[in-house]
Structure formats: structure tokens, C-alpha cells
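Student: Mind having a look at this structure? Questions to follow.
The values are calculated or read from the model by the stated rules, or taken from the named source; none is laboratory data. On a predicted model such as this, the values are computed, not experimentally measured, just so you know. In this analysis, Cβ positions are derived from the backbone assuming ideal geometry, glycine residues included, and neighbour counts consider all displayed protein chains.
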Amino acid sequence: MVAGKPSVHQRAVIPCHLVDLISLSEVFTVGQFLGSSRALIKDIGTRDKVPIVMGCGAHYIHMLLRGSVRIPEPDPAALHQV
């Protein structure tokens, strides 16, 4: 996501994770988001900090909070047809 992301100054003051993680030409699946987010949330918790999740799509937040079902990885050939 590139809309509404924190400025460089804001990111220097408040730690932000998963910002500018991939380029716009790369695929970032819900599964990848969940793996990265859960690892960060666990790490932040071990430091007695409270993670704040924001800025991603409602579907991603729902999957993070409510759990996920097994979602297959996208078919690269199908992605090129879109």
C-alpha cells in the first residue's frame, strides 16, 4: 500500500514495520502478510510493547484477527494474464 503511509519523519519517530517492504511490481499475498505480521507482533510483545496494526486492507486485518483458512499461492501464469 502506498496511499497514506507515514512520512519518513514520522517513521523516524515511531517505528513502522512492513512499510516499503516490496516494490509495486511484486506480489504480497495474505499468507505472506500473516506470516510477517504475526512474527512482528510476537517480537514486539516480547519487548513489553503494544503493537498497533493499521493501514492494511480490511480483509488482511480480518484474517489477522480471526484466523485464516489455507489459501493457495497464486499461479504466476494466471497473474500474467490479468
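Student: Looking for whichever is within 18 Å of residue 73 (Cα to Cα), aliphatic (A, V, I, L, M) and over 9 Å from the mean Cα position of the chain (by Cα) here; the options are 8, 27. Which one fits?
Tutor: Being within 18 Å of residue 73 (Cα to Cα), aliphatic (A, V, I, L, M) and over 9 Å from the mean Cα position of the chain (by Cα) holds for just one of 8, 27, which is 27.
Student: Anything in region 1-55 that is modelled with pLDDT of 90 or more and among the acidic types (Asp, Glu)? List them, or say none.
Tutor: Answer for region 1-55, where residues must be modelled with pLDDT of 90 or more and among the acidic types (Asp, Glu): 43, 48.
Student: Count, please, the residues in region 51-67 that happen to be farther than 18 Å from residue 15 by Cα and either in contact with a helix residue (DSSP H, G or I) (Cβ under 6 Å, 6 or more places away or on another chain) or not in a loop (DSSP other than H, G, I, E, B) (or both).
Tutor: 9
Student: Also: Among residues belonging to region 10-35 that are of a type in the set (D, E, K, R) and in a loop (DSSP other than H, G, I, E, B), point out the one that is surrounded by the fewest Cβ atoms within 10 Å (Cβ to Cβ).
Tutor: Per the criteria, the residue is 26.
Student: Suppose we filter 48, 43 for residues that are acidic (Asp, Glu) and either surrounded by 14 or more Cβ atoms within 10 Å (Cβ to Cβ) or part of a helix (DSSP H, G or I) (or both); which single one remains?
Tutor: Unique residue meeting the criteria: 43.
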